[in-house]
Each structure stands twice: as structure tokens, then as C-alpha cells.
1. Every residue in region 337-365 that is modelled with pLDDT under 75, farther than 17 Å from P294 by Cβ and open to solvent by 50 Å² or more (accessible area, probe 1.4 Å), please.
2. Sort out for me the strands (runs of 3 or more DSSP E) sitting completely within region 113-171 that have 2 or more residues that are over 30 Å from A374 (Cβ atoms).
3. Taking the options R423, R478, R462, R457, name whichever one is more than 19 Å from V394 (Cα to Cα) and modelled with pLDDT under 85.
4. Please specify each residue of region 436-445 satisfying the condition of being open to solvent by 30 Å² or more (accessible area, probe 1.4 Å) and touching a Ser or Thr at 6+ places or on another chain (Cβ under 7 Å).
5. Could you please find all residues in region 241-265 being within 24 Å of S162 (Cβ to Cβ), free of Cβ contacts under 8 Å to residues at least 60 places away in the same chain and either acidic (D, E) or part of a loop (DSSP other than H, G, I, E, B) (or both)?
6. Residues to consider are G207, G202, G189; find the one that is within 31 Å of the chain's Cα centre (by Cα), open to solvent by 50 Å² or more (accessible area, probe 1.4 Å) and either modelled with pLDDT under 90 or among the small types (G, A, S) (or both).
7. Quick one: in region 263-314, which of the residues that are among the hydroxyl-bearing types (S, T, Y) and out of contact with any Leu (no Cβ under 6 Å at 6 or more places or on another chain) is least open to solvent (accessible area, probe 1.4 Å)?
8. So S245 fits all but one of (1) in contact with a strand residue (DSSP E or B) (Cβ under 6 Å, 6 or more places away or on another chain); (2) within 30 Å of T311 (Cβ to Cβ); (3) of a type in the set (S, T, N, Q); what number is the exception?
Amino acid sequence: MNPKTLLLLMLCTRAAWSRVVRVPRGPLLRVDGTEVSIPCDVSDYEGPAEQNFEWLFSSDGSAGLGVLSTWDPSFTDPAFSSRVTSGGIRLQRIGPSRVVLRIQQLHAADAGTYTCSTPSTDATVRGNYEDRVQLKVLPDTLSVAGAKGRLASTRNVTVGGSFQLLCHAASSETPAHTHLSVTWERRMGTEAVEVLTLTHLGRIQPGSEYESRYGTGEVGLGTAGADGFRLTVNRAESADAGEYSCTAATWVPAPDGWEKIQEKRVPIARVEVRPIGVSVKALLSDVRISEGLPLNLSCLVSADSDGPVLTRVRWLLSPDSGEPRKLPGGPEPDLVGTNEGIYQLLLPRAWDSGNYSCQATAWAPRGNGTWHPAAETESEAVRVMVLPPEADLVVSLSAALLPLSSEEPMELLCRVAGPEGARLSVSWYHSPSSPAGARLVGSLDQDWTLRVGEEYRQRMERGELIFLRRDPQTFVMRIQWTTEADRGSYRCVGIAWGQQRNDSWAPSAEVPSSPAVVYWEEEEPSLAVNAQLTKLVPAAGGTFEMLCAVSAANIPSPRYSVQVTLDRPLTGPVGPAPVISLSHDGLTGRGPESAGNAVLEKVKPGLYRFTKYRTQTQDTGAYRCAITAWTQGGGGAWREIRNQTSNPVPLEFQTSGPVFNVTAHTDRSSVYAGERAEFWCIISTDGPAMDPEDVAFEVSWFAERLGAGAGPLVLVDRAAQVRSGRRNGTSEVALERVSDMEYRLRIYGCEEGDAGGHYCAVTPWVRSGEGGWNQQEAIRSNVVSISVRMDLLSTFRYPLLIGMGLSLLAGLFSCLIGYCSSRLCCKTHPKQDVRREHRRLMAMEMD
């Protein structure tokens with residue numbers, strides 16, 4: 001491009017440039033108690049990319065009051081200072097050329113005109129440098145509440161049922177024309193879903209997840225009275241569960257359309273949608289029947305549903321051999337339109353032994369008129385044993401070894417005599433209190449497969465239980481190490497197995513033995529625990545210590561596990577919180593209240609010391625020791641015997657923490673102008689010693705000048721970042737940390753303006769037990785005064801030098817003027833003057 005053309009283009013572009021400051025078009029309408037955000041941006045400007053802004057407020061058209069400035073902290077008028085300090089009014093920078101003024105908790109006095117202006121950074125003044133907008137504050141007339149003002153309740157409904165929720169919302173007349181909108185919202189956890197909305201234009205708008213259901217009429221919104229809005233949900237689904245709330249909003253006309261200026265939300269109800277429940281209960285338990293006799297089984301089916309439901313019932317058989325199948329015996333039942341009924345299975349001839357179960361399916365309607373299976377369940381199996389003709393079976397039980405105390409072995413013998421050719425097995429049962437409460441210990445099948453009862457499975461795995469078959473008719477049960485729970489009566493049940501037509505084996509006869517009572521006397525074990533305070537904590541940050549002593553009786557070779565708990569005054573139904581624990585194997589476990597500063601140690605057998613370092617206010621409460629006694633069984637496994645909790649030991653502070661003191665001093669109370677002044681800020685503490693890593697300080701220095709009050713000089717925060725205040729023409733200052741508790745202020749090149757009182761203000765920060773920092777109140781030191789004296793030589797030095805310099809410059813300037821005058825003003829023309837003078841001389845010579 002031609003250079004002349006480029007220069008012309010740049011000049012045209014510069015001529016077309018014009019600064020533009022913009023705020024939203026007004027007036028802005030807001031409601032009392034809400035907040036407002038007013039953006040302001042500037043464009044087409046010169047200078048640095050980041051621009052500064054100032055906001056002014058005027059309620060009656062007079063000169064505005066300073067609200068906030070991005071570059072002048074003292075710009076804010078005292079009328080707004082408290083709200084600015086608390087954050088109720090703040091200025092947020094969005095970009096280099098855009099800010100937003102945010103005002104919270106509006107009230108009527110905030111109504112007026114807000115002006116945004118930008119200081120000039122342009123070479124020439126073009127465009128506008130400020131823009132204003134009017135804010136109107138309307139009274140709060142919006143109300144929203146649940147049905148009859150009740151608090152949120154819980155609604156229970158099953159899948160397929162329906163529910164209705166009512167919300168009352170109203171808004172009184174205001175000076176501005178307002179419209180009301182109502183929105184129903186469902187929230188599950190952190191996810192919120194819009195259900196239906198009655199917009200401010202009077203239209204019903206469904207949420208994205210409810211559009212199809214609104215079209216089919218399953219979800220609807222109706223009115224109830226002058227201010228009632230009812231949400232109706234039919235054919236509820238599992239996804240309808242959650243917290244339902246009603247939100248009412250106020251809308252006003254705005255330059256760009258309708259604008260929402262207020263919103264209130266109230267929780268209405270929690271809706272729990274449970275699945276359709278189907279319960280099936282067999283009316284018989286185990287059945288023994290001779291082969292060839294008719295079999296009649298019954299089950300009771302009931303469905304739990306708030307909507308219509310149909311049930312279908314089937315009977316299933318899982319034989320002892322073969323695949324599971326549906327039972328024969330007639331056509332399957334049709335759909336039955338009842339929620340409860342008894343269903344029977346009638347087999348003309350029993351042949352197959354196995355597990356018979358009743359299966360029920362509940363069907364629920366869909367919105368399109370069809371039915372779908374909503375729930376299905378199956379009853380507990382009915383054990384049916386089809387037995388051959390009864391055979392003679394003789395069973396006897398005897399004790400080969402009886403224990404006299406716990407940990408001794410026990411051995412029982414069961415002898416079974418049966419018909420020739422039958423296979424024999426036995427099952428063992430234990431009744432701790434009565435025969436009616438018998439529970440299975442172990443059982444041998446015809447192929448010698450062992451089945452162990454659930455309560456004895458772990459003991460079997462540890463080798464405490466042994467089952468033997470010494471010969472075809474003698475069976476042995478042995479408990480290697482008995483416990484108190486093993487006392488009671490024992491029975492063995494002899495079982496004869498016969499071969500079936502398909503070469504399988506099935507029980508043909510079962511005969512129980514007479515009971516054998518196993519009992520021994522044993523003294524009751526006891527445990528005594530006592531806690532004692534050994535170190536008192538005078539203030540927060542100190543160390544708390546207590547001892548827990550335990551003694552046991554009638555417990556052989558006990559070991560102890562210890563847990564320390566904390567019971568705060570306001571713990572409530574939650575109960576004491578675990579702090580730290582020590583197992584009987586010496587393993588330490590920490591609870592949520594430990595925070596890494598708690599130690600539990602074993603001083604000697606039966607004596608434990610609990611220590612908590614750097615205690616804080618949240619550590620106060622009652623501490624207890626919960627101790628459990630363990631003893632070792634014959635197999636080496638440890639089992640719990642007794643547990644006991646100690647008396648409470650309170651942790652209370654005599655003081656709330658360390659007390660900080662601040663002193664300021666200087667070595668020289670008078671300095672000459674231009675010299676350096678030094679001040680010291682010394683911090684001391686009263687109370688327990690603090691770790692330097694657990695305390696930090698924010699130190700500020702202030703200067704008191706005559707007629708100007710106290711002003712900040714420099715500040716260093718607890719992160720060691722130094723920030724200087726506005727100097728107002730005074731000398732340069734420096735602030736440094738000399739030690740953990742000492743800070744030094746230096747003023748370089750002192751002037752008259754530096755004379756006066758100086759003091760420091762310290763804000764301590766103390767680390768809490770959880771690692772957080774707690775700010776304490778600021779402490780002000782004493783005032784240290786300093787005077788600045790003037791040196792006589794220094795006073796006249798600069799005037800003399802300046803006078804001599806000015807005199808020399810004046811002389812040189814005078815010489816220059818004389819020289820120029822002689823060269824320019826007194827110059828002659830030599831030809832004419834010589835000729836004219838020559839003539840005169842000639843005349844004089846002739847005379």
C-alpha cells in the first residue's frame with residue numbers, strides 16, 4: 001500500500017473515533033429486598049486497555065454521591081461506606097472495559113439515578129464520558145405458601161397412582177404494571193427438573209421431560225380459588241419421586257420485553273413413589289406325604305398399589321433331580337381383577353419330591369390403555385417330601401464327653417438303626433432354651449455331603465466343629481472349645497434314604513432322638529473402668545491428658561481394646577463421637593474427631609493414657625473410655641467377653657486462648673530532615689506458648705498528622721505480602737519482619753510532613769485444630785512521636801546555589817544580546833560612505 005494512502009487512512013480512522021460509555025436503558029424496576037446488577041462498558045477509547053470507572057448516585061437530580069470507584073478507595077461517600085465494607089454494594093470487573101455495580105437488599109432509599117463515568121485517557125475529548133440510568137424500587141407484595149400455610153409434608157404413592165399438590169401465590173397492586181408466573185419444580189438430590197409453568201402471559205408451559213405426559217393429560221395444572229394453583233400427576237412413575245416446590249415470580253414490562261424482577265420459592269411436599277408391591281406367602285411349610293396320595297398346596301397373594309392392578313399366579317417346581325418346570329394340572333389362571341386372594345394347587349397324585357413355589361405377577365395399566373408387568377415375586381419354597389412306605393428307624397443319643405467349664409471339649413454320639421438296604425444319615429440340632437427354638441448345627445446327606453447351620457459356619461471354618469461317621473450306624477459331633485452359648489439341649493435326627501424310580505435318592509423316614517442336656521455352672525465375668533484427669537488445659541492450644549484404668553474379674557488372661565469417645569453438650573441423638581481406639585492387638589484406629597493430634601498409648605497392662613495436643617474450642621466436651629475385654633479360645637481365636645464405659649472426664653478451658661500484646665517504640669524521637677527514621681512493633685503473648693507455625697500476624701503502620709488525622713502508611717499481611725498506602729507526598733517507607741514477633745518500619749529521607757505520632761495495629765491469626773485459621777480482633781499499640789529538625793546549612797545551601805546560577809545565566813544572556821545588537825543593528829555600507837567621505841576630505845585638504 002502507498003505510504004500516503006496508509007497515512008490518510010490512519011487520519012480518517014482517528015477522526016472517526018469517539019468514546020462511548022453505555023449503561024442499560026431505563027428505568028430499571030426492582031423490588032424491595034432484592035438485588036440489582038447494573039453493567040457499564042466503554043468502547044472506542046484510546047490509552048491503556050484497562051479502563052477505570054466511577055459510579056455516582058442521585059435521588060433528586062442534585063450532585064451525585066460517590067458510590068464506588070475502581071481506582072480511588074476514598075471515592076465512596078460515607079452514606080454508602082458501611083454497605084460497601086460489608087459487601088452489600090460491590091463493583092465487579094468483568095473485563096478491561098466493563099464493570100457491573102451490584103447492590104444487594106434494595107430498599108426504597110436506593111431509588112434514584114445512577115451515573116457511570118470513565119476518566120479520560122484519550123488524546124482529544126470526543127464522545128461521551130458518562131451515562132446514567134434510573135432505578136425504581138417497588139414494594140414487596142409477592143406471597144407464596146403451601147396449602148393453608150402448612151410446612152412441607154411427605155406424600156406416599158405407588159407406581160400407577162396419582163397425587164395432587166396445592167400452592168397459594170398472589171401479588172398485590174404496585175405502582176408499576178406487574179404480571180405473576182407460577183412454576184412447579186421437582187428436585188432429586190442436586191438435579192432440578194421443571195414440571196409445569198403458568199407463564200406471566202397466562203400460558204401453561206410443560207418442562208422438557210413432561211411434554212408428552214402433559215399432552216396425554218397425565219400431568220396438569222389447575223386453579224383453586226383466587227390464588228390457588230394445583231398440580232395434578234396421574235399414573236405416577238418412579239421418576240416422579242422427589243422434592244416438589246412452587247416458585248412465584250413477578251414480571252414487569254422492560255425496553256427489551258418482559259423482565260423478571262422478583263422470585264420466591266416454597267417447598268410443598270416430598271413425594272415418594274414406591275414400586276407396586278406383590279407379596280406371596282405359602283400357607284404351608286414342609287410337607288411329608290406318602291407316594292400316590294393327592295397333594296394340595298395354597299398361597300396367599302396380595303398387591304400393594306394405589307391404582308388398578310391385575311395379578312397372575314403360577315406354581316413352579318424345582319425337583320430334587322431335573323430342571324425346574326411349571327406344574328401340570330390344568331390351564332393357567334386368567335387375569336384376576338382383585339388385589340388379594342388365595343390360590344391353590346391340587347395334584348391328584350404326589351410323586352416328585354422337591355421345592356414348590358408360588359409365583360405372582362402384578363400388571364399395571366399404561367396411558368394408552370394397555371397393561372404391562374410392573375412387579376413379580378415368588379414365595380418361599382415349600383419343601384415336599386414324597387416318602388415310600390414307612391420303615392422302622394431307631395435313633396439314640398448319648399454323651400461321650402461333657403465339659404465342666406467353658407473352653408473344654410464336648411462330644412456327642414448318635415446311633416441310627418434302619419431297614420436293610422437303606423442309606424442312613426443324621427442331622428444335629430441345638431436348643432439353647434427350649435426345643436421349640438432348635439437350630440441346625442450340621443447335617444449329613446445320603447452322599448455324606450455336609451451342610452452347616454448359618455450360626456456355626458465361622459466356627460466350622462476355624463476348626464471348632466467336627467462331624468464324624470465312625471461306622472455306618474454311628475455318627476459323632478464334637479465341639480473342640482465350648483462357650484457359654486453352647487449350653488442347652490441337643491438332638492439328633494436319623495434319616496433313612498430310599499432309591500427312587502429314576503435311581504435318585506430321597507428321604508424315606510426321619511426319626512428324632514431324645515434330648516441330651518449339656519450344662520455347667522460358671523461365674524459371671526465383670527469389668528470395672530475408671531477415667532482420671534491428669535493434665536488440666538488452661539486455654540485453647542494446650543494439651544489435655546487423662547488415664548483410663550481397667551480391672552477384670554472371672555475373665556481368664558484378658559486383653560483389652562480401648563476406644564475414647566467425645567460427648568459434646570449439643571450432641572443430641574447422634575451420641576458420642578469416636579476419637580481414637582486401640583485394639584487388643586495394639587492397632588490404632590482414628591475417628592473423625594481425632595484430627596491427627598490425639599494419642600492413645602498403653603502405659604502398662606490395664607492402664608492407658610489418652611493425650612490430645614493443641615486443643616481447640618471444638619474439642620471441649622466429656623471424654624470417656626469404652627473398654628472391651630477379650631479372651632483367647634482353645635483354637636487361638638479371640639472372642640469378646642464384656643465391655644464397660646468409664647465415667648466422663650470434662651475438657652474445659654479456663655481462658656479462650658493466648659492473649660496478645662503490642663508495643664511500639666523508636667530509638668530516636670528526633671531526626672534531621674533527609675535522615676532515616678526507624679520504628680519497632682513488638683508482639684508478646686500471655687498464656688500458653690504457641691508454635692510459630694500456628695500463628696500469623698497482619699501488621700499495619702499508621703501516621704497521625706496535625707489536622708489530617710491518622711492515615712495508613714504500609715501493611716504486611718499474614719502471607720508476607722507488603723502493600724503501601726497513599727503517601728500524599730511524604731517520604732518513602734519500608735516494612736520488614738525481623739523475627740517471629742518483631743516488625744520494623746523505616747522512613748527514608750524524612751520531611752516535615754513525616755513529623756507526628758506513629759503506631760502499629762496487629763491482627764493475629766491462630767490455626768485451629770482442624771487446620772483452618774481463626775482471625776482475632778486487631779490490637780493497637782501505643783503512639784510513638786517523632787519530630788523533624790531542619791539543618792541551617794542545608795536551609796541556605798539550595799537558595800545560594802540557585803541565585804548564583806540565575807546570576808550567571810543572566811550575565812551570559814546580556815552578553816549575547818550585546819553581541820547580536822552590534823552585528824545586526826550597527827552595520828554600514830562601505831562603497832557609498834567611502835565615496836562621500838573622500839570628497840569631504842579632499843575639500844578640507846584644499847583649504
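1. G337, T338, N339, E340
2. Values: elements: 130-138, 142-146, 153-158, 163-171.
Answer list for region 113-171: 130-138, 142-146, 163-171.
3. R462
4. If the condition is that a residue be open to solvent by 30 Å² or more (accessible area, probe 1.4 Å) and touching a Ser or Thr at 6+ places or on another chain (Cβ under 7 Å), then G437, A438, L440, D445 are the ones that fit.
5. Initial filter on region 241-265 (within 24 Å of S162 (Cβ to Cβ)): 241-247.
With the extra rule that they be free of Cβ contacts under 8 Å to residues at least 60 places away in the same chain, the set shrinks to 241-242.
Correct list: A241 only.
6. G189
7. Restricting to residues being among the hydroxyl-bearing types (S, T, Y) and out of contact with any Leu (no Cβ under 6 Å at 6 or more places or on another chain), the top hit is T311.
8. Every listed condition holds for S245 apart from (2).
The values are calculated or read from the model by the stated rules, or taken from the named source; none is laboratory data. Since this is a predicted model, take the numbers as computed values, not measurements. Please note: Cβ atoms are built from the backbone with ideal geometry, for glycine as well, and neighbour counts cover all protein chains shown. The area values use the complete protein model at the heavy-atom level, side chains included, leaving out ligands, DNA and RNA. Shrake-Rupley method; radii C 1.70, N 1.55, O 1.52, S 1.80 Å.
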